[in-house]
1. Explain nothing, just the number: relative contact order of the chain, from Cα pairs under 8 Å at least 6 residues apart, as a whole percent.
2. Can you pull out the trypsin sites (Lys or Arg not before Pro) in segment 283-348 that DSSP calls coil and that have at most 14 other Cβ atoms within 10 Å?
3. Output wanted: per-residue J couplings in Hz (rounded whole) for segment 321-328, from phi through Karplus 6.51 cos²θ - 1.76 cosθ + 1.60, θ = phi - 60°, x for Gly and Pro.
4. Nothing charged except the Cβ atoms of Lys and Arg (+1) and of Asp and Glu (-1): what's the magnitude of the dipole of the chain about its Cα centre? Round to the nearest 20 debye.
5. For the chain, what number of Lys pairs, 8 or more residues apart or on separate chains, have alpha-carbon atoms under 26 Å from each other?
6. Collect residues whose amide H, placed 1.01 Å from N in the peptide plane, falls under 5 Å from the amide H of THR122; neighbours closer than 5 in sequence don't count.
7. Return a whole-number percent for the relative contact order of segment 311-388, with Cα pairs under 8 Å and 6 or more residues apart as the contact set.
8. Would you rank GLU402, GLU173 by solvent-accessible area, highest first, keeping every protein chain in place and using a 1.4 Å probe?
Amino acid sequence: MKSFAAELAYFLRGRARQNLKVLALYGLFLLVLILLYANLFRYLMLELEGREYSFIAGIYWTITVMTTLGFGDITFHSDAGFIFATLVTLSGVIFLLIILPFGLVSLFLAPWIEQRLRYRPTYELAASTNDHILIFGIDPITRTFIRKLQARKLLFVVVTDNYDQALMLEEQEGFKVVYGAPTDAQVLRGLRVETARYVVANLSDPENANICLTLRSLCQTPVVTLVRDSDHQELLRLAGANQVIALPRILGRFLATRATTRGAMAHVLDSFGALQIAEIPLYGTPFAGKTLAESNIRQQTGLSVIGLWRRGQLTLPTRDSILAPDSLALLAGSREQLQALEQLIGDPTADDLVFVLGHGRIGCAAATFLERKPVPFVLIDQRRSTSCRKHVPVYGDATDRETLQKAGFDRASGVIVTTNDDNTNVFLTLASRHLNPHIRIVARANQDENIDQLYAAGADFVVSNASVGATILMNLLDRKESAFLSEGMHLFRRPVPPELIGKTLEASRLRPELGCSVVALKNAVGEMNTTPGPKTLLQADLTLLLIGSAEQEKAFDQRYPRTENT
Ligand code: AMP
Ligand code: ZN
């Protein structure tokens with residue numbers, strides 16, 4: 001059933017909205033005309049016939065005459081009066097009885113009926129549909145995910161039970177849309193779930209659970225859910241979700257690691273057996289400002305720097321890459337090596353203090369992460385949290401300078417800007433930079449469009465909800481080794497190609513010719529060499545763990561085609 005609100009929404013959009021303005025102007029014109037006639041009526045009655053009428057009577061007379069009702073209870077008795085009354089009747093016929101209904105029909109009713117007749121939602125997919133990706137729930141994350149799917153020409157279908165949304169997504173954005181209740185088994189069957197490649201459930205937690213349960217009663221297609229409340233993670237898994245992503249927690253952790261200047265905040269992103277992939281902010285470490293070769297990280301700790309994050313971009317470093325203080329190093333190595341690094345860096349800024357602006361789900365997750373380190377923090381929010389009882393924020397509007405100053409903002413070494421409004425986030429970034437020029441600012445972008453603005457406002461790091469969410473979805477879809485690397489970059493595993501057996505890593509020319517980098521080598525019994533050097537020999541039974549973009553992975557496979565058993 002189409003809701004009244006949805007119908008109403010139609011009139012508030014696009015051309016209909018434009019037409020509504022025309023109607024309002026016309027209404028104003030009629031009002032002026034009626035007022036004019038009413039006053040002329042009173043004037044003529046008084047001047048010609050000596051009768052005095054009230055303003056209300058004037059309006060009453062004008063409307064009855066214009067609508068041709070003409071009750072005859074008030075009439076003129078002079079020729080001039082008759083002429084005036086005739087004029088009013090004629091203009092009433094033209095403006096009220098002809099133009100107004102015609103305008104209403106042609107501007108509103110006809111386009112509305114036309115759109116309803118033209119748009120017939122799809123209720124099910126063709127029986128031959130297969131390998132498609134089903135998406136339940138449209139938001140900035142799934143929209144960014146869809147853009148990635150479109151770039152790779154993968155077949156996706158959006159499912160919604162909102163008629164108006166279906167119409168808009170299909171007619172205006174050109175998506176393939178199926179109209180139906182996502183938790184209805186009949187609808188799921190019509191979506192050919194059993195031949196689908198992947199299902200993304202991005203509605204409320206109960207709805208996602210319901211989708212998983214219904215889906216599991218039909219087939220084993222993998223389903224990934226984005227959970228709203230991380231306490232529901234286990235429940236969704238029980239309902240049958242293959243992967244449950246608690247995005248607020250992931251984003252909170254990303255923000256927290258980037259906001260602290262404490263060196264020992266290397267934070268493990270992923271691990272592959274003994275190999276851990278971690279990132280560490282370079283600010284305040286002895287390596288900041290040096291080149292990779294000068295830093296001697298490899299010699300001192302055994303860790304490899306496999307990437308450098310700066311302004312949201314991950315690049316593969318060379319010996320001469322500068323370890324800029326406003327960047328993050330992506331490291332690969334063992335737990336012991338990471339500990340050695342932490343010791344080397346020590347605790348240069350023990351007086352770390354991080355301000356967290358916005359105690360929503362993401363701000364709360366960031367605070368929890370800081371608490372665990374522990375790094376002292378101050379939370380600010382204008383409202384009381386409905387879900388968190390363990391933190392005590394300062395209540396106030398963070399855009400208010402006084403709120404920040406009273407809470408001791410001038411002592412802060414880092415700030416996490418994480419409100420749900422990007423305009424506020426841009427403003428808070430600007431204000432933070434202004435109040436405290438040396439502070440480290442980590443900002444959250446709710447919409448990708450605002451990433452550049454946040455950097456321009458002075459943020460050191462911007463973490464985009466939509467990008468992080470969509471990248472994780474994409475990596476899971478591709479069954480990537482690492483779900484948490486950046487846009488484009490990922491880890492992949494290949495056996496040493498026969499052509500390279502017996503060569504050194506340097507002689508393989510993988511890096512200069514293909515662009516991808518060997519992060520680690522694993523032998524047949526599972527032992528890892530996490531610090532391969534230029535002279536490391538590539539032996540037959542080794543597996544390479546490489547880092548690179550999708551294109552670099554493809555280039556690798558073209559140069560060294562995989563045989564059947566790899
Ligand atoms: P969430 O999207 O769940 O991380 O929530 C964002 C949080 O930001 C909410 O708790 C809002 O109350 C908070 N917030 C939004 N604007 C401001 C502001 N100007 N000052 C302080 N907190 C804010
Ligand atoms: Zn909290």
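1. Numbers: 991 pairs, mean separation 49.9, N = 566.
Once normalised by length, the contact order is 9 percent.
2. Details: sites: LYS290, ARG298, ARG310, ARG311, ARG319, ARG335; in loops: LYS290, ARG311, ARG319.
Sites meeting the loop and neighbour criteria: ARG311, ARG319.
3. 5, 7, 8, 5, x, 8, 10, 10
4. Values: 57 positive and 56 negative charges, 237 e Å.
The dipole of the chain has a size of about 1140 debye.
5. Qualifying lysine pairs in the chain: 20.
6. TYR179
7. Working: 42 pairs, mean separation 19.3, N = 78.
It rounds to 25 percent for segment 311-388.
8. On the way: GLU402 110, GLU173 70 Å².
I get GLU402, GLU173, largest accessible area first.
The values are calculated or read from the model by the stated rules, or taken from the named source; none is laboratory data. These figures come from a predicted structure and were not determined experimentally. Cβ: placed from backbone, ideal geometry, glycine included. Neighbour counts: every protein chain shown. Just the protein is used for accessible areas: all its heavy atoms, side chains included, with ligands, DNA and RNA removed. Shrake-Rupley method; radii C 1.70, N 1.55, O 1.52, S 1.80 Å.
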